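Student: Structure provided below as structure tokens; questions to follow.
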Amino acid sequence: MATVANYFALGGAFFFLSLELQTVLGYTALEAGAATFPSTLIMLLLSPQSGKLGQRFGPRVPMTVGPLVAAVGFILLARLRPHSTYLVDVLPGLLVFGVGLTIFVAPLTAAVLAPVPDREAGLASALSNAFARLAQLGSSALLPLLAGLGASTAVGRGAFALGFSRAMVICAGAAVVGALIAFATVRRSRDEPIVRQASPSLACQPTSRRPAEALRDPATAAG
């Protein structure tokens, strides 16, 4: 559920931000795509450090803190208006959002894969990705309606800007829900070792310290 909530917020934010930059601020499609690159760059540069923090403190802390930081970024982006500038209004929200995204993505993947046996890791990863993609697609379909931008609504620059602000607030709320779910359900920490399924070869090992003598002396073996 944390995956669904967080990726609902993530998918909706990218979807609406691209439209806001083009519809309200007058960016071209290429400029709108390039404008969001700083958040991607932050994730590329800092994901290894985020993974190390997740290994050190466990996934619960970054999966709680990361969405909350991302929610702050969404609130900053909600301030965009028709005359907003990139450096003052767009970039700060993108940077904060990118930091939050970086904090929770790698630990979330680790939390999904950690409890399952190695042979089922591929299935667990596929299920996690499927839920993430469904959440992103669902946000693209549902969020416009929640923000008051239905297909039957005539949308001008001012109306879309207001709808965008509502959408960002909803995304922030979804990220907070994801953080609360992670805090409530992810219990494993670095002091709680992950219990893997025991290997059959190890489970069949004899417990006697002198197996050869026990086999030679049936009485000893029976005792």
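Student: What number of residues within segment 1-25 are in a loop (DSSP other than H, G, I, E, B) and touching a helix residue (DSSP H, G or I) at 6+ places or on another chain (Cβ under 6 Å)? Break it down into steps so the answer makes sense when it comes.
Tutor: The initial filter retains those residues of segment 1-25 that are in a loop (DSSP other than H, G, I, E, B), namely 1, 24-25.
Among the residues that remain, those that are also touching a helix residue (DSSP H, G or I) at 6+ places or on another chain (Cβ under 6 Å) are: 1, 24.
So the count comes out to 2.
Student: Let me ask something else about it. Tally up the residues in segment 178-194 that are at pLDDT 85 or above and loosely packed, with under 12 Cβ neighbours inside 10 Å, please.
Tutor: Matching residues across segment 178-194 total 0.
Student: Residues SER152, SER208, SER201: which one is exposed (fewer than 14 other Cβ atoms within 10 Å of the Cβ), outside any loop (DSSP other than H, G, I, E, B), at pLDDT below 70 and out of contact with any Cys (no Cβ under 7 Å at 6 or more places or on another chain)?
Tutor: The unique qualifying residue is SER201.
Student: All but one of (1) part of a helix (DSSP H, G or I); (2) of a type in the set (D, E, K, R); (3) farther than 23 Å from ILE181 by Cα hold for ARG81; which doesn't?
Tutor: That leaves (1) as the condition not met.
The values are calculated or read from the model by the stated rules, or taken from the named source; none is laboratory data. Computed from a predicted model, the values in this text were never measured in an experiment. Please note: Cβ atoms are built from the backbone with ideal geometry, for glycine as well, and neighbour counts cover all protein chains shown.
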